[in-house]
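Enquirer: Provided herewith is a single structure, encoded as structure tokens, for subsequent inquiry.
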Amino acid sequence: MSHDTGGRSGLLTTASALRCPHGGSVRVDTAGTSAVRVRGARLASADDVFTVVGCPHTDGGRPRPCTTVRFTPGADGAGGGGVLAGGRPVLLSGTAAQCFADDLTPHGPPVADTAPQGVSCR
């Protein structure tokens with residue numbers, strides 16, 4: 001996935017600003033009830049549903065927007081380094097991912113505008 005964190009991978013949460021490569025917004029719907037939060041937002045995992053809205057992509061003049069994003073933790077060594085939250089791999093802005101159209105045609109990696117974040121426990 002592309003990201004602009006100066007070479008560092010930030011944690012992905014339900015509040016992370018994700019876009020498809022064509023500028024559509026990615027909405028994260030959490031599948032679990034993880035109590036782990038970063039600045040009040042739940043951590044994202046590969047089990048969550050990532051839906052793309054507002055993708056303007058066309059192919060031959062026909063609309064062919066990105067509709068989903070799928071993450072593959074561990075595929076590129078950036079899948080959270082084996083870190084689990086609620087038994088699920090933590091997703092980072094550098095975790096391997098791909099945007100897809102309805103017919104599962106790949107459209108490229110999503111873009112994450114994440115800032116490096118810290119996690120604190122009390």
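Enquirer: Here's a check for you: in the range 12-44, which residue that is touching an Asp or Glu at 6+ places or on another chain (Cβ under 7 Å) and hydrophobic (A, V, I, L, M, F, W, C) is surrounded by the most Cβ atoms within 10 Å (Cβ to Cβ)?
Expert: Among those that are touching an Asp or Glu at 6+ places or on another chain (Cβ under 7 Å) and hydrophobic (A, V, I, L, M, F, W, C), it is VAL28.
Enquirer: Right, here's the next one. Residues that are at pLDDT below 85 and either over 19 Å from PRO21 (Cα atoms) or open to solvent by 40 Å² or more (accessible area, probe 1.4 Å) (or both): does the range 92-110 have at least one?
Expert: No, that holds for no residue.
Enquirer: Restricting the first residue to the range 45-62 and requiring it to be exposed (fewer than 13 other Cβ atoms within 10 Å of the Cβ), which pairs with a second residue that is of a type in the set (Ser, Thr, Tyr) and part of a strand (DSSP E or B) meet a Cβ separation below 8 Å and a spacing of at least six or different chains?
Expert: Within 8 Å, the pairs are VAL49/THR68; VAL53/SER25.
Enquirer: Follow-up. Right, VAL26: touching a Gly at 6+ places or on another chain (Cβ under 8 Å) and among the hydrophobic types (A, V, I, L, M, F, W, C) or not?
Expert: No; evaluated as a whole, the condition is false for this residue.
Enquirer: For residues that are over 10 Å from the mean Cα position of the chain (by Cα), assigned to a strand (DSSP E or B) and at pLDDT 85 or above, tally how many sit in the range 1-37.
Expert: Within the range 1-37, residues that are over 10 Å from the mean Cα position of the chain (by Cα), assigned to a strand (DSSP E or B) and at pLDDT 85 or above number 2.
The values are calculated or read from the model by the stated rules, or taken from the named source; none is laboratory data. Bear in mind that the values here come from a model prediction, so they are computed numbers and not experimental data. All Cβ positions, glycine included, derive from the backbone under ideal geometry; neighbour counts span all protein chains shown. When the accessible area is computed, the model is the full protein with side chains, heavy atoms only, and any ligands, DNA or RNA have been set aside. Shrake-Rupley method; radii C 1.70, N 1.55, O 1.52, S 1.80 Å.
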